[in-house]
Amino acid sequence: MIIERRMTRNPVTCNPEISLADATALMKHEKVSRLPVLDKERHLVGIITEKDILYASPSPATSLSIHEMAYLLSKLTVGKLMNKKVVTIEKTTTVEEAARTMVDQDLSCLPVIENNKLIGIITKTDMFKVLLELFGARHFGVRVTYIVEDKPGTIAHITAALEKQGIDIISFATFMGTDPSNSILTMKVQGATMTEVIEIIKPFVTQILDVQEV
């Protein structure tokens with residue numbers, strides 16, 4: 001799956017000249033925690049987050065008055081505080097590659113660029129939604145996690161056995177095990193009880209780790 005299908009299009013943005021107070025108000029109004037910063041030509045020049053503003057705000061222990069703090073914040077613009085080294089991706093980037101980039105570089109979002117213009121943004125929340133879909137989290141069924149030998153045809157045998165019994169597979173995911181010769185599989189199915197699912201897959205698995213109705 002590519003990012004174009006998962007990104008938020010036309011995200012809320014701001015320009016470098018607005019104050020931190022105005023940026024904060026915009027975030028609260030739009031219910032977002034970050035703002036891509038665009039110049040007059042609509043090119044991405046930075047990004048500002050709630051954390052950036054929080055760190056720039058005076059400590060509650062400061063001797064400044066409320067009015068003095070408000071005045072200082074009103075004079076500090078987004079352009080002076082924003083992160084100018086923004087990691088971006090294209091709309092054809094895969095979801096897996098975007099997730100890997102976010103994890104490896106500890107990023108909470110990735111702006112999506114096309115022809116040097118911002119067309120969207122992908123966030124950790126968007127990634128969590130993908131994870132929910134991959135695990136069929138919004139569908140009731142039997143979820144079973146088990147270990148199989150890492151060899152061709154194993155998954156095909158399991159899915160064929162389930163299909164033969166008219167059992168619907170809602171989600172199917174594979175993970176690396178601690179032993180290179182094994183894989184950990186998690187699937188959610190509908191149309192069978194926990195006992196029935198176990199009996200069907202038992203001939204093809206090394207060990208059943210967990211089974212639940214969720």
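The values are calculated or read from the model by the stated rules, or taken from the named source; none is laboratory data. The structure displayed is predicted, hence computed values, not measured ones. Methodologically, a virtual Cβ is constructed for each residue, glycine included, from the backbone with ideal geometry; neighbour enumeration extends over all protein chains shown.
Take residue 103 and tell me if it is at pLDDT 85 or above and over 26 Å from the mean Cα position of the chain (by Cα).
No, not satisfied.
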Inset, instruction - Would you check which residues across region 1-49 are under 19 Å from residue 119 (Cα atoms), in a loop (DSSP other than H, G, I, E, B) and either among the aliphatic types (A, V, I, L, M) or touching a His at 6+ places or on another chain (Cβ under 7 Å) (or both) and list them? - result: 1, 7, 12, 32
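Could you please let me know if residue 52 is among the acidic types (Asp, Glu), within 17 Å of residue 116 (Cα to Cα) and surrounded by 12 or more Cβ atoms within 10 Å (Cβ to Cβ)? Before the answer, list the steps.
Numbers: among the acidic types (Asp, Glu): yes; within 17 Å of residue 116 (Cα to Cα): no; surrounded by 12 or more Cβ atoms within 10 Å (Cβ to Cβ): yes.
It is false that residue 52 is among the acidic types (Asp, Glu), within 17 Å of residue 116 (Cα to Cα) and surrounded by 12 or more Cβ atoms within 10 Å (Cβ to Cβ).
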Inset, instruction - Among the candidates 136, 120, single out the residue that is assigned to a loop (DSSP other than H, G, I, E, B) and in contact with a Ser or Thr (Cβ under 7 Å, 6 or more places away or on another chain). - result: 136
Inset, instruction - Look at residue 210 and say whether it is touching a residue at least 60 places away in the same chain (Cβ under 8 Å) and either touching a strand residue (DSSP E or B) at 6+ places or on another chain (Cβ under 6 Å) or of a type in the set (A, V, I, L, M, F, W, C) (or both). - result: yes
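Out of 103, 95, which single residue is crowded, with 16+ Cβ neighbours inside 10 Å and either over 26 Å from residue 24 (Cα atoms) or not basic (Lys, Arg) (or both)? Walk me through it before giving the result.
On the way: 103 fails: crowded, with 16+ Cβ neighbours inside 10 Å.
Of 103, 95, the one residue that is crowded, with 16+ Cβ neighbours inside 10 Å and either over 26 Å from residue 24 (Cα atoms) or not basic (Lys, Arg) (or both) is 95.
Restricted to region 177-194, and to residues that are within 14 Å of residue 143 (Cβ to Cβ), more than 26 Å from the chain's Cα centre (by Cα) and not hydrophobic (A, V, I, L, M, F, W, C), which residue is surrounded by the most Cβ atoms within 10 Å (Cβ to Cβ)? Break it down stepwise before answering.
So the first thing to find is which residues in region 177-194 are within 14 Å of residue 143 (Cβ to Cβ), and the list is 184-194.
This time we only want the ones that are more than 26 Å from the chain's Cα centre (by Cα), so: 190-194.
Subset that is not hydrophobic (A, V, I, L, M, F, W, C): 190-191, 193.
Values: 190: 13, 191: 15, 193: 10.
Filtering first and then ranking leaves 191.
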Inset, instruction - Could you tell me which residue of region 140-165 is nearest to residue 192 (Cα to Cα), considering only residues that are in a loop (DSSP other than H, G, I, E, B) and within 26 Å of the chain's Cα centre (by Cα)? - result: 141
